[in-house]
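**Q** Below: one structure in structure tokens.
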Amino acid sequence: MPDYQYTSDYFVHKHTLFPYIASFLPEDRAREISALMKDGQVSLIYNKSGLISSCSINQNRQFRYCPECMKEDIQNFGEMYWHRLHQITEVLICPKHKVPLQNSRVLMRGAYRQSFIAADEENCISNEAIGFSPDAIEKLFMIAEDVQQVLTREFTYQNIDKHNLSHTIAIISSPTGILNAEIFFG
Ligand SMILES: [Zn+2]
């Protein structure tokens, strides 16, 4: 077993979208949301962070997956899992494999919203053909890399404008608070 301290902070920071969402929030609001997450008060989190009205994460209808990650996960771990990066609306391709993400059959909303449905080979089948031009793939790759950087850096309650993103992409927060990021190519 790896030598981790399995604290509530560890799970919030390493296994949820909190670091990404909180990057667009003032520190006091981010801390409040972190406390609500640890307390299991999910419905309050949506109200506090403005996620219902303005969060781009909430625009996804289905959980998404990368077909190549899916094969690797099965090979390495014997099963697949939902990658948190793939659930962020701005991320349209897998930065590791540079292939379009696919919609699974598991809805993010409605009756499923607060139940846990694991990713598997039956619900991760897509009949949609999602494709992008080589030029679009390159740009979407840069966005995916920047979002990944925001999500996985050591979280310090630092606002998004303090990030040193690798690419010339500016993700700005909306006047209402957070996310709904607009992404510009430099
Ligand atoms: Zn992948």
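The values are calculated or read from the model by the stated rules, or taken from the named source; none is laboratory data. If you're wondering where the values come from, they're calculated on a predicted model, not measured in any experiment. Here Cβ is always computed from backbone atoms with ideal geometry, including for glycine, and neighbour counts include all displayed protein chains.
**Q** Tell me whether segment 67-80 contains one or more residues that are of a type in the set (D, E, K, R), out of contact with any strand residue (DSSP E or B) (no Cβ under 7 Å at 6 or more places or on another chain), at pLDDT 85 or above and farther than 24 Å from residue 146 by Cα. Walk me through it before giving the result.
**A** Taking segment 67-80 first, the residues of a type in the set (D, E, K, R) are 68, 71-73, 79.
Okay, now just the ones that are also out of contact with any strand residue (DSSP E or B) (no Cβ under 7 Å at 6 or more places or on another chain), so 68, 71-73, 79.
Narrowing further to those that are at pLDDT 85 or above: 68, 71-73, 79.
From what is left, the residues that are farther than 24 Å from residue 146 by Cα are 71, 79.
Yes, because at least one residue in segment 67-80 is of a type in the set (D, E, K, R), out of contact with any strand residue (DSSP E or B) (no Cβ under 7 Å at 6 or more places or on another chain), at pLDDT 85 or above and farther than 24 Å from residue 146 by Cα.
**Q** Among the residues that make up segment 46-54, is at least one of them under 30 Å from residue 120 (Cα atoms) and at pLDDT 80 or above?
**A** no
**Q** Something else about it: Within segment 72-100, restricting attention to residues that are without any contact (Cβ under 8 Å) to a residue 60 or more places away in the chain, more than 9 Å from the ligand (Cβ to nearest atom) and under 20 Å from residue 141 (Cα atoms), which residue is surrounded by the most Cβ atoms within 10 Å (Cβ to Cβ)?
**A** Checked segment 72-100; the qualifying residue surrounded by the most Cβ atoms within 10 Å (Cβ to Cβ) is 91.
**Q** Let me spell it out: the conditions are (1) outside any helix (DSSP H, G or I); (2) closer than 19 Å to residue 61 by Cβ; (3) modelled with pLDDT under 90, and residue 91 meets all of them except one. Which number is the exception?
**A** Against the list (1) outside any helix (DSSP H, G or I); (2) closer than 19 Å to residue 61 by Cβ; (3) modelled with pLDDT under 90, residue 91 comes up short only on (3).
**Q** Let me ask something else about it. Go through (1) polar (S, T, N, Q); (2) at pLDDT 90 or above; (3) buried (at least 16 other Cβ atoms within 10 Å of the Cβ) for residue 126 and report which single condition fails.
**A** (2)
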